[in-house]
Amino acid sequence: MIRRPKSQMRVHKSDGCWEGPNGQIHVEVKKTNSVRDVRGAFMALAYVLAGEPFENIAVCVCTETRLSEARLDEELARFRQVVHPTIANRIHFLLDKSHPQRNAAAFRGSMTGAPSEFYVWLAEMLASDSLNGHTHQLPARQIVVATLAQLRLWNTYPVTVKHLQETCRVSYPTVAAVLRDLSAKGWLEDSDERGVRMRYLSSGEWIEQARDHARLRKLHLFTDPTGLNTPEQMVKRLARLQGVGKLSKSVRVGGVIGAFSHFPALDITAAPRLDLSVDADPAQVAALLDAGLRPKVKPEQRVALAVHVTRNLSVMTDKESRPQGPWAGELECLADLVEMGFTREASEMACHMELTNKEKMPVT
């Protein structure tokens, strides 16, 4: 499920669009206490649906608001009286109750029957939007660097600056600045092909990348007061939650467990903790994984779960060219090893990355 850009021919672009098996659900998010803002959102969604297939619907999601469900229901009824029924009956509202474990039960409103996967996507969208502009996000320039690094590891063909802007959701000046820095370091490939691509990196350069990435990410640590959870048990729980749509498949397993999936010769007997790479609210992910997990507040507390806020790079290439499974990318996993102090093991994985990257043929 993705948030996709809308056609330039539309009068209005909704904040997000969920692609479901029975059609699309357009979403407009309003953080407001004003009924006038809600009316405007309903009208904007009507414009969006005017050019859409009949099976597509739209919903205004009100969050951080004092407006009641009854007041929103009344406003929607008035709106439907003055708009053509072919559009009016396809517009709904949801009231976000701001529960830490957002799911279908955390939303109230006129829309019923939406798949549980939609609510997982919606919760992630709201959490991601709440992180925008704050230090919880991976810096925009590092998003571009990490993207180019992962594309190099996938051996894709060069990509355009426009592609980097759209997939990283950053400005042209940001991409241009990153490319200047990488070019000055000699890390860009000389090619006659249209676009840019990182050159093959040495193991030392991969370690340098991993250190920078680990330093710039926001890390959230959680403890298990019961002491009963093991990383392997939590991975199984993660798979079950993702299998039933309660936790998004964009949550990726990194750390020792993820690194082992890329580098089976990794010389670490057991994972000391579970590392996850997410592009959503870390507290929400931890609460869904195990309601008993608590943020680490004392140095002596043992870390059971480490959540790294990064950008999900799984949308960068076609599915056929990407590794399958719930694993974080190689750079993420290498950064996790560096962060945990596994210096020798990280160097060995970086050597493996250098050798295997050179051996692969570019993806066609």
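Taken together, the values in this text are just the output of simple stated rules run on the coordinates, not laboratory data. Since the model is a prediction, treat every value here as computed from it, not as a measurement. Neighbour counts are summed over all protein chains in view; Cβ atoms, including those assigned to glycine, are modelled from backbone coordinates with ideal geometry.
Before moving on, here are some points about what is shown:
- Percent antiparallel among DSSP beta bridges (both partners in the stretch 16-131, rounded to 5): 40 percent
- For Ala328, the residues whose modelled amide H falls within less than 5 Å of its own, excluding neighbours fewer than 5 places apart on the same chain, are Val253, Gly254.
- Anchor Lys185: aspartates and glutamates whose Cα lies under 16 Å away (excluding residues fewer than 8 positions away in-chain): Glu205, Glu208, Asp212
- For the peptides 276-289, 26-39, the ranking by mean Cβ contacts within 10 Å, running from highest to lowest, is 276-289, 26-39.
- Charge-dipole axis of the stretch 216-357 as Lys and Arg at +1 and Asp and Glu at -1 on Cβ define it, positive-most pick from Leu305, Val285, Ser261: Val285
- Dipole magnitude for the stretch 143-204: computed about the Cα centre from +1 point charges on Lys and Arg Cβ and -1 point charges on Asp and Glu Cβ, it is near 140 debye.
- Rounded to the nearest Hz, the phi-derived 3J(HN,Hα) couplings of the stretch 59-67 under the Karplus curve 6.51 cos²θ - 1.76 cosθ + 1.60 (θ = phi - 60°) are 9, 8, 9, 9, 10, 6, 10, 9, 5, where x marks glycine and proline.
- The stretch 140-214, relative contact order [Cα under 8 Å, separation at least 6], %: 36 percent
- Highest-first packing order for the peptide set 153-163, 67-77, 346-356, 210-220 is 346-356, 210-220, 153-163, 67-77, based on the mean count of other beta carbon atoms within 10 Å.
- For the stretch 140-214, the residue among Thr167, Trp187, His213 whose Cα projects farthest onto the positive side of the dipole built from Cβ charges is Thr167.
- Residues whose amide H comes within less than 5 Å of that of Val61, counting only those at least five positions distant or on another chain, are Glu28, Val29, Lys30, Leu94 (H built at 1.01 Å from N in the peptide plane).
- Rounded to the nearest whole Hz, the Karplus-based 3J(HN,Hα) values (6.51 cos²θ - 1.76 cosθ + 1.60, θ = phi - 60°) of the stretch 162-169 follow the sequence 4, 4, 5, 4, 6, 6, 8, 6, with x at glycine and proline.
- Lysine pair count for the stretch 216-357 [Cα-Cα under 17 Å; pairs on different chains or 8 or more apart]: 4
- Amide H to amide H, with H built 1.01 Å from N, Gly109 comes under 5 Å of Leu95, counting only residues 5 or more places away or on other chains.
- Length-normalised contact order for the stretch 16-131 - Cα pairs under 8 Å, 6+ apart - percent: 23 percent
- 3J(HN,Hα) from dihedral phi, the stretch 219-234, Karplus parametrisation 6.51/-1.76/1.60, rounded to Hz, x for glycine, proline: 10, 10, 10, 10, 10, 10, x, 6, x, 8, 6, 10, x, 5, 5, 5
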